Amino acid sequence: MKTVTFWEGVVIALLASVFGNIGFFALTFFCSDDFTLRMLISGLAFVYLFYLFSRSRERTGRIIATLSWLMLIGALWFFYPPLSLFLIFHVLAVWLIRCLYFYRSLLACLADLGLAALSVASAFWALHHTGSLFLAFWCFFLLQALFIYIPTGTKHPNPEIASKSETDFKRAYQAAEAAVRKLSTIN
């Protein structure tokens, strides 16, 4: 498992932009623009979810996270909210996965939420000013690649502090055992 790099994020942004743009023009022959955009949002978000899983060091809970993701997507498709709300739910789901699998502090999660909001705003700006779906996907995923620069909130423990806390724990554990022995012998 490799660590995430910015340049890897740039490649992901380029691939998502190309496949999103090609997919949109290919699928609009068969479906409406709205339905096609929803399919692309769900598909690209789901692929991005597995990209995040492949780069995370955390191994637990992936099945539950994937099933929860699929339930959310199913509910979104069932209730069929407006497209902007549909997009926001997907972005929030990606944000939640990154918070669960990459960050250890609330501050890092809030910074990532700000990055997600900035990504959506830049995508809407690019789409509004250029009309290009390619540039909208590019701006969104390029800004998403910056998440690796958010401090994760984990610090490597100082070995002296770790050993001191370990001996403190052992000392407290032994004192608790002695107290339980004294209580069990008193009758």
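FYI, it's all coordinate maths here, none of it is from the lab. Keep in mind it's a predicted model, so treat the numbers as computed, not measured. Neighbour counts are summed over all protein chains in view; Cβ atoms, including those assigned to glycine, are modelled from backbone coordinates with ideal geometry.
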Given the structure, is Phe53 buried (at least 19 other Cβ atoms within 10 Å of the Cβ) and either of a type in the set (Asp, Glu) or touching a residue at least 12 places away in the same chain (Cβ under 8 Å) (or both)? no
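Going by the conditions given, is Thr66 of a type in the set (Ser, Thr, Tyr), surrounded by 15 or more Cβ atoms within 10 Å (Cβ to Cβ) and over 17 Å from Phe141 (Cβ atoms)?
Answer is yes for this residue.
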Taking the condition of a type in the set (A, V, I, L, M, F, W, C), more than 21 Å from Leu87 (Cα to Cα) and outside any helix (DSSP H, G or I), does Val11 pass? no
